[in-house]
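Here the structure is laid out as structure tokens; the discussion comes afterwards.
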Amino acid sequence: MDIAREVTERLRTTRAFVFDMDGTLVLGDRNNKGLVPLPGAVAFTQHLHERGVPFVILTNGTTRTPAEYADMLRKMGFPVPDERMLTPSAVAAEYLARRKFKRVMVLGGEGVWRPLEALGIEVVSPSNKHVANDAASQGPIDAIFVGWYREFTMDDLEAACNAVWAGAKLFTSSMAPFFATANGRALGTSRAICAVITSITGQRPTVLGKPSLEALRCSARRLSVDPTEIAVVGDDPALEVPMAHRGGSLAIAVHTGIGDESAFSGLPLNEQPHLIVQNVEELLTHYRRT
């Protein structure tokens with residue numbers, strides 16, 4: 001593959017990387033279990049670590065806390081510290097805390113609510129079965145945050161709708177319909193839940209995971225660089241690529257997950273990736289040449 005000179009120069013001068021996880025670095029099952037590294041993924045991150053080039057792994061998954069994801073990836077050989085592993089819940093925690101949201105109803109498990117609680121946000125469960133101190137909570141719900149939650153019930157949906165009608169703002173980890181697994185596409189629960197809430201209340205959710213600019217900005221803060229100095233690597237034409245364009249980052253697409261060649265080439269010219277490779281292993285080859 002011939003790489004345009006300007007893209008080569010941008011890759012050479014990139015100061016930091018943001019990697020998607022599922023479909024880019026690893027593949028697992030529908031519950032993010034049985035994860036295995038994709039070709040070149042461990043080698044590339046180790047190469048960056050050895051050269052002192054920082055990187056963040058940014059997943060839209062919320063089945064685990066960032067620290068749990070980081071621990072799992074380190075056991076596979078990825079040199080990622082806890083603070084360089086980001087989920088939408090980590091992004092949401094910073095976003096909601098900065099805007100003084102005090103009390104947040106969370107639809108999701110521990111991987112969804114734990115990062116919010118860690119920043120001092122009072123977490124409220126719609127069914128009082130996830131958060132131990134919820135029974136003592138009093139006062140209005142400021143916001144609702146939706147993440148991975150296959151166990152949701154009608155009571156949960158009703159509680160969320162009532163909170164919206166009472167003035168709570170609706171936020172979600174993702175509105176992506178699918179994510180990549182070793183067995184093909186798996187349905188994202190947060191989009192399904194938000195579709196119900198929106199259809200009943202009329203309130204549309206604000207996305208705090210990918211492809212939001214907030215997710216990229218949070219990554220940039222962790223990396224101590226400007227978004228324009230970052231290369232974003234991902235497999236989904238609806239997530240990593242548009243996020244990179246919104247922040248002025250270098251957009252790099254791989255074919256190991258959701259998006260095949262036609263998915264990326266079918267995008268408008270100004271929304272296509274700056275660079276398309278088969279996998280992270282091929283990207284490592286190009287990067288070493290620069």
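Sorted by mean Cβ packing within 10 Å, highest first, what order do the peptides 116-122, 272-278 take?
Values: 116-122: 17.1, 272-278: 19.7.
Packing proxy ranking, top to bottom: 272-278, 116-122.
Relative contact order (percent) for the range 151-256, with alpha-carbon contacts under 8 angstrom and 6 or more residues of separation?
21 percent
Given charges of +1 on the Cβ of Lys and Arg and -1 on the Cβ of Asp and Glu, with all other atoms neutral, how large is the dipole of the range 100-207 about its Cα centre, in debye to the nearest 20? Don't skip to the end; give the middle numbers.
On the way: 10 positive and 9 negative charges, 76 e Å.
It works out to roughly 360 debye.
Note the angle between two axes, namely the Cα long axis of helix 41-51 and the longest principal axis of the Cα atoms of the chain, as a number of degrees from 0 to 90, rounded to the nearest 10.
Taking the Cα atoms of the chain, the angle to 41-51 is about 80 degrees.
Using helices alone, I'd like the mean residue ellipticity at 222 nm for the chain: each DSSP H run of four-plus residues gives -39500 (n - 2.57), total over residue count, nearest 500.
Details: 11 runs with 110 residues, N = 290.
Calculated from helices alone, the mean residue ellipticity at 222 nm is -11000 deg cm²/dmol.
Using Cα pairs closer than 8 Å and at least 6 residues apart in sequence, work out the relative contact order for the range 100-207, in percent. Provide the component values of the computation, followed by the final result.
On the way: 179 pairs, mean separation 26.6, N = 108.
This gives 25 percent for the range 100-207.
Where both partners of a DSSP beta bridge lie in the range 147-290, what percent of those bridges are antiparallel, to the nearest 5?
Details: 4 of 13 bridges.
Taking every DSSP beta bridge within the range 147-290, about 30 percent pair in antiparallel fashion.
Report the longest stretch of the chain that contains none of the trypsin sites (Lys or Arg not before Pro) sitting in a DSSP loop with at most 11 other Cβ atoms within 10 Å.
Details: sites that count: 33, 99, 100, 129.
Answer from the scan: 130-290.
Would you report the distance distribution of C-alpha pairs in the range 100-207 as whole percents per 10 angstrom bin, up to the bin with the largest distance?
Result, from short to long distances: 15, 50, 28, 6, 1 percent.
Among the lysines in the chain, how many pairs, 8 or more places apart or on different chains, have alpha carbons under 26 Å apart?
12
Mind sorting 165, 113 by how few other Cβ atoms lie within 10 Å of their own Cβ, fewest first?
165, 113
So if I average 1/r over every pair of distinct C-alpha atoms in the chain and take the inverse, what Kirkwood radius in Å does that give? Intermediate values should be presented prior to the final figure.
On the way: mean 1/r = 0.0520 Å⁻¹.
Evaluated on the chain, it is 19.2 Å.
Let me check against my output: what whole-number percent is the relative contact order of the chain, with C-alpha pairs under 8 Å and at least 6 apart? List each step's numbers first, then the result.
Numbers: 578 pairs, mean separation 62.3, N = 290.
After rounding, I find 21 percent.
Just to be sure I understand the curve: with the Debye formula and one point per C-alpha of the range 174-282, what is log10 I(q)/I(0) at q = 0.16 Å⁻¹?
Log10 I(q)/I(0), no solvent term: -0.78.
Hey, got the dipole for the chain? About the Cα centre, +1 on K and R Cβ, -1 on D and E Cβ, debye to the nearest 20? All intermediate terms of the calculation are to be shown ahead of the outcome.
Working: 30 positive and 32 negative charges, 112 e Å.
That gives the chain a dipole magnitude of about 540 debye.
Between residue 155 and residue 228, what is the label-point separation in nm under the 7 Å Cα-to-beta-carbon projection?
Between residue 228 and residue 155, the simple spin-label model gives 5.3 nm.
Could you tell me how far the Cα centroid of the range 215-265 sits from the Cα centroid of the range 172-207, in Å?
One Cα centre to the other: 20 Å.
When DSSP beta bridges are limited to those with both residues in the chain, what percentage is antiparallel, rounded to the nearest 5? Don't jump to the answer; show the numbers that get you there.
On the way: 6 of 36 bridges.
Roughly 15 percent of the beta bridges in the chain run antiparallel, per DSSP.
For 243, 154, 72, 175, what's the fewest-to-most ordering of other Cβ within 10 Å of each Cβ? Walk me through the numbers on the way to the answer.
On the way: 243 27, 154 8, 72 18, 175 22.
Final ranking by Cβ density, sparse to dense: 154, 72, 175, 243.
Once Lys and Arg get +1 and Asp and Glu get -1 on their Cβ, which of 177, 219, 196 lies farthest toward the positive end of the dipole of the range 160-235?
Value computed over the given set: 196.
Bear in mind these aren't lab numbers, they're just calculated from the coordinates by the rules spelled out. All values reported here derive from a predicted model rather than from experimental measurement. Positions of Cβ are generated from backbone atoms using ideal geometry, with glycine treated the same way; all protein chains shown enter the neighbour counts.
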